[in-house]
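The values are calculated or read from the model by the stated rules, or taken from the named source; none is laboratory data. Keep in mind that this is a model prediction, so the values were computed, not measured. Here the Cβ positions follow ideal geometry from the backbone for every residue, glycine too, while neighbour counts run over all protein chains shown. The accessibility values were calculated without ligands, DNA or RNA, using every heavy atom of the protein model including side chains. Shrake-Rupley method; radii C 1.70, N 1.55, O 1.52, S 1.80 Å.
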Amino acid sequence: MKKKRMIQSVGLAVMFLILGILFVFPLYWTVLTSFKTSAQVFVEKPILFMDTLYLDNYIEIFQKSHVLTFFKNSLLTAGGTTLLSLLLASMAGFGLCRYGFKGKKALQNSILIIRMIPALVYTIPYYIIYNKMHLLDTLTGLTMSYISFALPMAIWLALSFFLDIPQEIYESAEIDGCSEFKMYTRIALPLVKAGLAVIAILVFVGAWNEFGLALVLQSSDAKKTLPIGIASMVQTHKDTPSGSLAAAGVLAMIPAVILSMATQKYIVKGTMAGAVKG
Amino acid sequence: MKKNKLMKKLLAVVCCGMMLTGSLSGCGVAVSDEAKGSSTETENVQTESVQAENEQTENTESEVKQSETIVKYGTELANLDLDGTLHGQYEGQTLTIPVMSGDFEKAVSAVVPVFEQMSGAKVVIESIPGEQYTDKVQLDLNNTHRYDVVLSPIAILHGFAIAGKVEPLEEMINTYAGESYNVDDFLPGLFNTYGYYDGKLVAIPYKPDVMLLFYRKDLFEDESVKAAYQEKYGTELKVPETNEEMIQVAQFFTKSENQDSPVDYGYCAMMLKGSTRLLFFNRGGDDIDENLNPNMNNAEGVAAMNRILELQKSAPKEWVQMGWDEANQFFANGNAAMMEQWPGLWLTCQADGSAVKDKVGVAVAPGKTPTLGGWGASIATESKNKELAWKFIEFMTSRDGELLKIENTMDPCRASTYEIPEVQASSELYEALMESFNYAKTLADVDVPYISSKLCDVMESYIQQAMDGSMTPEEALEGMEKEFTTEIGNLGLED
């Protein structure tokens with residue numbers, strides 16, 4: 001019995017090790033490449049370990065491209081999208097959870113349907129509308145479009161988290177004379193904190209990595225986001241600057257990694273929420 | 001308390017990062033000599049630009065005076081006002097120009113301050129990543145009409161012309177160009193192929209591109225290698241000029257054919273990402289004639305296909321998986337004696353760490369039918385500033401304008417520019433480049449509006465099938481011709 005368990009444990013450990021390598025190795029390779037010189041990147045025998053880390057690529061992206069501006073723009077749009085989406089989604093989710101009204105189901109389903117339409121379909125209409133509204137090449141316009149894409153998913157997640165709160169809690173609060181707004185801010189929101197962290201991560205990462213809309217809506221270097229900035233480093237009929245791309249990629253990872261690590265506790269709670277009813 | 005926890009987590013992230021970095025090296029962090037050089041260069045550029053900015057704050061009169069005495073490649077740029085047709089009269093007008101990120105952005109941005117100074121106009125440059133460039137330009141030309149000047153690969157530009165998205169330029173030249181703007185000075189093949197489409201002048205050549213032969217100069221000049229070649233073939237080893245010579249030299253330098261070859265392969269090329277048709281053109285094949293009829297299923301086409309199959313024997317087996325980076329690196333690592341490529345390969349060969357640095361020569365692609373690439377400049381039909389847009393194109397493509405763009409890898413399009421000794425000396429490619437332009441006729445992208453990329457895919461598919469042996473060259477060409485006829489017929493261009 002013990003032997004069987006040990007074999008199982010070893011088997012699992014090996015499987016996790018393989019999976020771990022599969023996930024971690026590309027990250028390791030990216031970080032490693034970012035510290036290589038251009039002569040070290042394309043060699044017949046790949047360099048897996050290095051004696052000296054060269055900062056050339058980091059120096060290059062800071063000196064020769066507007067990477068800090070792109071980083072700042074990404075942070076502003078992804079941050080703004082996350083905050084506003086959280087606010088709107090939590091309000092909408094709370095409303096849909098608490099109030100019954102005619103057409104509620106249809107409204108909920110229509111939010112879901114919007115989510116199913118590929119973002120690419122909206123891109124050209126956004127471009128034309130934004131051109132008329134003078135919102136092209138503005139961070140406000142980009143943030144607005146990101147919010148509109150993030151909201152359906154955020155509302156559905158928020159709704160499911162609010163539905164997990166036992167009805168009795170709302171009823172006790174009502175008996176104690178709590179207004180609906182206070183019920184939202186003082187009772188419901190603290191109880192779905194973990195869920196909100198999950199929504200925040202998903203929305204932030206989605207906006208942080210978004211490429212297609214930013215490509216079409218932004219044009220000047222002062223308003224471009226990091227994914228567009230990174231894509232701009234690749235030129236046709238010229239060698240791909242793999243080292244610089246890796247360095248920019250490492251920079252791009254940092255906020256998402258920090259956010260994930262800082263809210264790890266909530267993510268576990270949030271993803272578990274709703275798993276057990278009652 | 002909560003703040004402490006957050007701080008702990010942040011600390012944990014930083015520690016993880018440091019551990020990762022530590023595990024990556026276990027020792028030092030450094031800046032390579034190469035980067036030190038470029039950083040000094042950047043500092044110099046920055047200092048220069050600060051100086052330029054400071055100078056710009058001085059009065060307009062002295063600025064103009066100063067710009068009149070710009071010297072590039074030993075030539076004084078004395079006609080930056082385009083024969084007096086630019087004198088600040090466009091003040092208040094704005095031009096919006098899309099450019100591809102990278103060298104195009106740098107080259108166009110470099111002329112903008114001078115043009116703004118001379119014309120009084122404001123120029124807004126919008127840089128777009130290369131892969132998405134054409135899509136975004138097309139989006140604007142169809143919908144929002146913000147762009148005034150269109151810089152684009154020639155075949156794409158010709159498609160825009162057929163769709164009426166860019167303006168015919170003859171009238172513009174006749175009405176607005178300075179008297180010394182000489183279109184006859186453009187390399188003739190280049191101006192006719194790039195500029196004219198459907199009988200109208202729709203573009204001015206901006207960046208020429210042609211496929212070249214890169215060869216290992218050190219091997220071709222090696223006495224023992226030359227003697228071995230002489231012994232084997234009874235002729236002198238020289239840089240091949242004909243297809244037959246090329247195939248023979250490639251065989252000689254291939255280890256599987258010649259054990260004593262100093263390199264593994266005689267030939268390599270990038271074959272991934274739609275590049276096989278370039279090899280077909282280089283070997284004498286064609287795609288369409290001037291009436292947009294398929295022109296590949298003929299004796300020249302069959303010969304070109306057979307030459308490809310012969311060269312394949314002297315190339316690495318994995319060449320069909322080689323894209324730009326892989327193929328260039330393969331050559332730069334010293335694995336092949338010859339490679340046909342766009343001029344950009346030169347930078348890879350001369351880069352630090354290249355095994356062939358200072359060992360590479362450049363020549364016209366053997367057979368003298370090199371594939372022609374390149375970019376042109378046009379005016380968007382919907383532009384509200386057409387006159388100003390023309391003046392910008394005229395400025396960029398004038399004799400003086402050409403000298404302003406060269407240092408950003410935009411090679412000259414004018415014969416007179418190539419004649420300047422300092423320009424000739426600035427690049428080891430120019431001699432072969434200029435000669436190649438005289439021979440090149442077939443554009444890299446099939447020059448049929450709307451379906452250019454589709455027809456390129458058709459060619460790629462059939463050539464690759466012939467290369468992997470699933471079709472004979474004749475069958476491949478016949479299939480290609482049939483699909484071309486159907487696709488072009490479906491366009492209904494005659495209507």
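Out of the range B:93-111, which residues are open to solvent by 10 Å² or more (accessible area, probe 1.4 Å) and not acidic (Asp, Glu)?
Result: B:Gln93, B:Thr94, B:Thr96, B:Met100, B:Gly102, B:Phe104, B:Lys106, B:Ser109, B:Ala110.
Failed condition for B:Lys454, given (1) under 24 Å from the mean Cα position of the chain (by Cα); (2) closer than 20 Å to B:Asn293 by Cβ; (3) crowded, with 21+ Cβ neighbours inside 10 Å, with all others met?
Result: B:Lys454 fails condition (3) only.
Checking the structure you have, find out if any residue of the range B:227-243 is without any contact (Cβ under 8 Å) to a residue 40 or more places away in the chain, open to solvent by 30 Å² or more (accessible area, probe 1.4 Å) and among the basic types (Lys, Arg).
Looking for residues that are without any contact (Cβ under 8 Å) to a residue 40 or more places away in the chain, open to solvent by 30 Å² or more (accessible area, probe 1.4 Å) and among the basic types (Lys, Arg), one finds at least one in the range B:227-243, hence yes.
Matching residues to (1) of a type in the set (D, E, K, R); (2) assigned to a helix (DSSP H, G or I); (3) touching a residue at least 60 places away in the same chain (Cβ under 8 Å):
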| residue | (1), (2), (3) |
| --- | --- |
| B:Ala377 | no, no, yes |
| B:Leu388 | no, yes, yes |
| B:Lys391 | yes, yes, yes |
| B:Glu394 | yes, yes, yes |
| B:Leu403 | no, yes, yes |
| B:Thr417 | no, yes, no |
| B:Glu422 | yes, yes, yes |
| B:Met434 | no, yes, yes |
| B:Asp445 | yes, no, yes |
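Would you tally the residues in the range B:259-276 being more than 17 Å from B:Phe331 (Cα to Cα), open to solvent by 20 Å² or more (accessible area, probe 1.4 Å), in contact with a helix residue (DSSP H, G or I) (Cβ under 8 Å, 6 or more places away or on another chain) and of a type outside the set (Lys, Arg)? Even if it seems obvious, please write down each step before you answer.
Of all residues in the range B:259-276, those more than 17 Å from B:Phe331 (Cα to Cα) come to B:259-260, B:273-274, B:276.
Filter again for open to solvent by 20 Å² or more (accessible area, probe 1.4 Å), leaving B:259-260, B:273-274.
Still in the list and also in contact with a helix residue (DSSP H, G or I) (Cβ under 8 Å, 6 or more places away or on another chain): B:260, B:273-274.
Then drop every residue that is not of a type outside the set (Lys, Arg), which leaves B:260, B:274.
Within the range B:259-276, residues that are more than 17 Å from B:Phe331 (Cα to Cα), open to solvent by 20 Å² or more (accessible area, probe 1.4 Å), in contact with a helix residue (DSSP H, G or I) (Cβ under 8 Å, 6 or more places away or on another chain) and of a type outside the set (Lys, Arg) number 2.
Only one of these conditions is not met by B:Ala336: (1) surrounded by 18 or more Cβ atoms within 10 Å (Cβ to Cβ); (2) modelled with pLDDT under 95; (3) over 28 Å from B:Asn490 (Cα atoms); (4) small (Gly, Ala, Ser). Which number is it?
Among (1) surrounded by 18 or more Cβ atoms within 10 Å (Cβ to Cβ); (2) modelled with pLDDT under 95; (3) over 28 Å from B:Asn490 (Cα atoms); (4) small (Gly, Ala, Ser), B:Ala336 violates only (2).
Take the residues in the range A:212-226 that are more than 16 Å from A:Thr123 (Cα to Cα) and among the hydroxyl-bearing types (Ser, Thr, Tyr), then tell me which one is farthest from the chain's Cα centre (by Cα). Let's see the steps before the verdict.
Initial filter on the range A:212-226 (more than 16 Å from A:Thr123 (Cα to Cα)): A:220-226.
After this cut, where a residue has to be among the hydroxyl-bearing types (Ser, Thr, Tyr) as well, the list is A:220, A:225.
On the way: A:Ser220: 24, A:Thr225: 14 Å.
Taking the candidates together, the pick is A:Ser220.
B:Glu402 passes all but one of (1) buried (at least 23 other Cβ atoms within 10 Å of the Cβ); (2) within 14 Å of another protein chain (Cβ to nearest Cβ); which number fails?
Going through (1) buried (at least 23 other Cβ atoms within 10 Å of the Cβ); (2) within 14 Å of another protein chain (Cβ to nearest Cβ) one by one, B:Glu402 breaks only (2).
Filter the range B:352-376 down to residues that are within 14 Å of chain A (Cβ to nearest Cβ) and under 16 Å from the mean Cα position of the chain (by Cα), then give me how many there are. Let's see the steps before the verdict.
Pass one, the range B:352-376, residues within 14 Å of chain A (Cβ to nearest Cβ): B:352-357, B:371-375.
Still in the running and under 16 Å from the mean Cα position of the chain (by Cα): B:371-375.
Residues that pass the stated criteria total 5.
So that you can scan it fast, the table gives a plain yes or no per residue for (1) closer than 28 Å to B:Leu491 by Cβ; (2) away from every other protein chain (no Cβ under 14 Å); (3) not in a strand (DSSP E or B):
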| site | (1), (2), (3) |
| --- | --- |
| B:Thr96 | no, no, no |
| B:Val108 | no, no, yes |
| B:Val114 | no, yes, yes |
| B:Glu126 | no, no, no |
| B:Arg146 | no, no, yes |
| B:Val150 | yes, yes, no |
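Output the number of residues of the range A:33-80 satisfying the condition of being open to solvent by less than 60 Å² (accessible area, probe 1.4 Å) and of a type outside the set (A, V, I, L, M, F, W, C).
Looking only at that region, the number is 17.
If I ask for residues that are at the interface with another protein chain (Cβ under 9 Å from one of its Cβ atoms) and at pLDDT 75 or above, which ones from the range A:231-259 would you list?
Of everything in the range A:231-259, those that are at the interface with another protein chain (Cβ under 9 Å from one of its Cβ atoms) and at pLDDT 75 or above turn out to be A:Ala231, A:Ser232, A:Met233, A:Val234, A:Gln235, A:Lys238, A:Asp239, A:Thr240, A:Ser242, A:Ile254, A:Val257, A:Ile258.
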